[in-house]
Each structure stands twice: as structure tokens, then as C-alpha cells.
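Participant: What follows is a single structure, and I will ask about it in a moment.
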Amino acid sequence: MKPRIALSVLFVLLAATAFAADTAATQTDAQKSFATLKTLAGEWEGLVTVPEAPAMSGGKMHLSLRVTSRGHVLVHEFQEAGTPLDATKYDHPVTMLYLDDDQLTLIHYCDAGNRPRMTGKMSPDGKTVEFELKDISGSTDMHMHHSVFTIIDANHHTEDWTFMMKDKPIHAHFDLTRKN
């Protein structure tokens, strides 16, 4: 009787292992990209560099990334480090990243009062996810237009965001280190 139970347990374990391997192998590029971005969940801090506006460079930023909605959404919240969460006085943009069918989607709830929607793709090396503008709800005069997330390692990543002021791009580079 005991050998039968042991054999049954062995078959269940083998089936579970095969299922897990099959699931990982059949993930779409969008699912792999989203899974990679979710590894960034946590608190981050770092400096911002804005070549087109040197006076804005050198500021220390705080980033909170958290997975919510049973793993279906990654919430991205930026603010200047050390400022209170008071959206009436300080910038506090919120970005939501999620899978929309087989498309990695980013919606940026901008302090400019609009909501650009971007779609993302991972680089072949699996370290960079780049988002391109798809459409915008609200005014298009000033809007976030492009973003790139680059994972250096588990405790260091960079983000590059391009903000359009009419036809003039403003680039912001964030060099971020994990705080927890």
C-alpha cells in the first residue's frame, strides 16, 4: 500500500512540475514583460536628470511600486523625496501597468490633467521594457509620450520618461535604488 501512495505522490509532483514548466514556456512576450516589471515592487529613491531643464536636475525622487488587484496591476507612484502626499501642492503622478489581452499597457495619470496610454515591449535581452504612445484621453498639448524601464539588477533600475511640451520633448532620467 505504501509504495502505491509514494508512486501516486511522485506522479502528482511530476505532473505539477511539467505543468509549471509548460506554463512558463507558453507565456507571451507581454506576460513575460509584465512579470519582469512586477519584480520591481517596492520603495525606490534616486536622482533625476533633465538635460533640457538643468534646474530640474539633481532632485531626489521617491518611487513606490506595488502589485495590486490579485497581481493584475502594477501601481507606479512618483513624488519628490521628503514631500508629503499632498496633490494640491506637489506633483504626484500615478501610472498603472497591466495586461490588456496580449498587450502590456501603461496608463499615466498625469499632473498635466490627461491620461496617455502606451504599449510596451521587452528588449531581446529581457532587461528593458519600452513603451510607445498609443493614444491620449484629455489635452494633447503637454503629455507624457514615451517611457523606458531598464533593470540593472534586483536593487537598481533606471527609468527614462519623455514629456512633450507641444512639439518640444523634455527627457527625464531617473536612476533608482531599492530602499526595501
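The values are calculated or read from the model by the stated rules, or taken from the named source; none is laboratory data. Since the structure is predicted, the reported quantities are computational estimates derived from the model, not experimental observations. Note that each Cβ is placed from the backbone with ideal geometry, even for glycine, and that neighbours are counted across all protein chains shown. The area values use the complete protein model at the heavy-atom level, side chains included, leaving out ligands, DNA and RNA. Shrake-Rupley method; radii C 1.70, N 1.55, O 1.52, S 1.80 Å.
Participant: Go through the stretch 58-97 and count every residue that is more than 18 Å from residue 160 (Cα to Cα), in a strand (DSSP E or B) and of a type outside the set (A, V, I, L, M).
Facilitator: 2
Participant: Test residue 69 against the criterion of being open to solvent by less than 20 Å² (accessible area, probe 1.4 Å) and farther than 16 Å from residue 174 by Cα, and give yes or no.
Facilitator: no
Participant: Could you please find all residues in the stretch 51-89 being under 20 Å from the mean Cα position of the chain (by Cα) and farther than 19 Å from residue 179 by Cβ?
Facilitator: Once the filter is applied, which keeps residues that are under 20 Å from the mean Cα position of the chain (by Cα) and farther than 19 Å from residue 179 by Cβ, the stretch 51-89 yields 68, 69, 70, 71, 72, 73.
Participant: Follow-up. Identify all residues within the stretch 146-179 that are among the hydroxyl-bearing types (Ser, Thr, Tyr) and open to solvent by 50 Å² or more (accessible area, probe 1.4 Å); write none if there are none.
Facilitator: The one that is among the hydroxyl-bearing types (Ser, Thr, Tyr) and open to solvent by 50 Å² or more (accessible area, probe 1.4 Å): 177.
Participant: Could you please find all residues in the stretch 70-92 being at positive phi and touching a residue at least 24 places away in the same chain (Cβ under 8 Å)?
Facilitator: Within the stretch 70-92, just 71 meets the criteria.
Participant: If we scan the stretch 91-109, do we find a residue that is under 25 Å from residue 58 (Cβ atoms), in contact with a Gly (Cβ under 7 Å, 6 or more places away or on another chain) and at pLDDT 95 or above?
Facilitator: Within the stretch 91-109, not a single residue is under 25 Å from residue 58 (Cβ atoms), in contact with a Gly (Cβ under 7 Å, 6 or more places away or on another chain) and at pLDDT 95 or above.
Participant: Answer yes if at least one residue in the stretch 99-109 is crowded, with 16+ Cβ neighbours inside 10 Å and under 16 Å from residue 42 (Cβ atoms), and no otherwise.
Facilitator: no
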